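Colleague: There's a structure below that I have some questions on.
What follows is calculated from the coordinates using simple rules that are stated; it is not laboratory data. All figures in this text were calculated on a predicted structure; none of them were measured in a lab. With ideal geometry, Cβ positions are generated from the backbone for all residues, glycine too; neighbour counts draw on all protein chains shown.
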Amino acid sequence: MNLQWFPGHMAKTRRMMTEQLGLIDIVVELLDARLPVSSQNPEINTIVGSKPRLIILNKADLADEEINRKWVEYFKKKGIEAVLLDSVHAKNLNFIADKIRNVLKDKLEKQAEKGMVGRSVKVMVVGIPNVGKSSFINKFAGRASAVTGDRPGVTRGKQWIRLKNGIELLDTPGILWPKFEDEQTGLNLAYVGSIKDEIIDVETLACKLLEFLNGTYKAELCARYKLDDTDGLAGYELLELIGKKRGFVISGGEIDLLRAANIVLDEFRMCRIGRISLETPDVEEEINA
Ligand SMILES: Nc1nc2c(ncn2[C@@H]2O[C@H](COP(=O)(O)OP(=O)(O)OP(=O)(O)O)[C@@H](O)[C@H]2O)c(=O)[nH]1
Ligand SMILES: [Mg+2]
């Protein structure tokens, strides 16, 4: 992921998306279930406007199950439909088509009353880089779908994928920019690997993650690295302990902290430490819905 968002780039994306919005019935917004706030575009409401929206909390397989449920509840209270999804392992995504129809129920009923039947529902998928847009589109479209080709009036190069269930999907997702202002947002996105590690050095990143884990997922952390008394330990102390446990020793008996840091980040991203959510609706109330 090498995307750099500059003001000009953002304006262009916003413009493109606004153009395409005219053609679609519903926006499917992908958020990372582990960090729904940090993985949301800060201007999503302005961009999407009054278009119906379905939120997919993707990568739900990597997130804390209890917190997943809380997020779904949270969105429900805000009057917005949100579904949990694992775009990689899900067998079929027919239930997403049902959810889409459900969100559009009133509109579809009105169309039916007017005798407008058989019209396809046009869907655009949006989300920040690495959230799983391509995985979702491929799985949702499935093998049996056909690319319908350019349509008149559609931005050149844009293709619609016609699904068997009367849904048409814009084959290129809208790539949105994440929030940058807030340091914690940057850290959260870096932990999960959605922005480059280089924004902050790997050791510091791992230390900050370890401190979070030691506060919120202590049992999982201790189990994974066979630690027992981690109360009040600083990130660097945790990293050193982990390096020691793993035998990452360099010349002179020093611990290879960089190696330990990379291992911690890799294992976190591969869900080896456990299913971990970085944000919960209890403390995060600033989502756009
Ligand atoms: N475990 C898990 N991994 C997922 C899921 N969805 C996507 N991934 C993984 O996340 C990574 C990014 O997925 P993509 O589908 O390429 O994401 P994208 O939004 O298209 O990314 P860009 O094209 O870079 O904007 C890949 O390694 C996927 O295998 C999911 O639901 N669960
Ligand atoms: Mg992609």
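Colleague: Considering the zone a paramagnetic label at ALA11 would reach in this model (a point 7 Å from Cα along the Cα-to-Cβ line), which residues of region 126-142 have amide N under 18 Å from it?
Modeller: It comes to no residues whatsoever.
Colleague: Cut-off 10 angstrom, C-alpha nodes, Gaussian network model of the chain. Which of LYS110, LYS78, LYS226 fluctuates the most?
Modeller: Answer for the Gaussian network model of the chain: LYS110.
Colleague: Continuing with the same structure: In a shell of Cβ-Cβ distance under 15 Å around ASP61, excluding ASP61 itself, what net charge do Lys and Arg (+1) and Asp and Glu (-1) give?
Modeller: +3
Colleague: GNM, the chain, Cα, under 10 Å: largest mean-square fluctuation among VAL117, VAL83, VAL72?
Modeller: VAL117
Colleague: Need one number: nm distance between label points at ALA223 and ASP98, each 7 Å from Cα along Cα→Cβ, rounded to one decimal.
Modeller: Result for the modelled spin labels: 3.2 nm.
Colleague: Could you check which residue among GLY243, GLY174, GLY79 shows the biggest mean-square fluctuation in a GNM of the chain with a 10 Å Cα cutoff?
Modeller: In this elastic network of the chain, the residue with the biggest mean-square fluctuation among GLY243, GLY174, GLY79 is GLY79.
Colleague: In the calculated pair distance distribution of region 200-269, what percentage of Cα-Cα distances lie above 14 Å?
Modeller: 53 percent
Colleague: Turning to a different aspect of this structure: Amide H of ILE161: which non-local residues (sequence gap of 5 or more, or other chain) have their own amide H closer than 5 Å, using H built in the peptide plane?
Modeller: Amide H neighbours of ILE161, under 5 Å, 5+ apart: THR148, LEU169, LEU170, ASP171.
Colleague: Would you mind computing, in nm to one decimal, how far apart the modelled labels at LEU258 and GLU19 are, each placed 7 Å from Cα along Cα→Cβ?
Modeller: The modelled label-to-label distance comes out at 4.5 nm.
Colleague: Averaging the inverse of every distinct alpha carbon separation and then flipping it gives the Kirkwood radius. What is it for region 7-175, in angstrom units?
Modeller: 16.5 Å is the Kirkwood radius here.
Colleague: At a temperature of 20 °C and a viscosity of 1.002 mPa s, determine how fast the chain diffuses translationally according to Stokes-Einstein, using the Kirkwood radius over alpha-carbon pairs as Rh; express D in µm²/s, rounded to the nearest whole number.
Modeller: Calculated translational D: 104 µm²/s.
Colleague: Just to be sure I understand the model, the point goes 7 Å from the Cα along the line to the Cβ. What's the resulting MET116 to ASN165 distance in nm?
Modeller: Each label point is offset 7 Å from its Cα along the Cβ direction, giving 2.2 nm.
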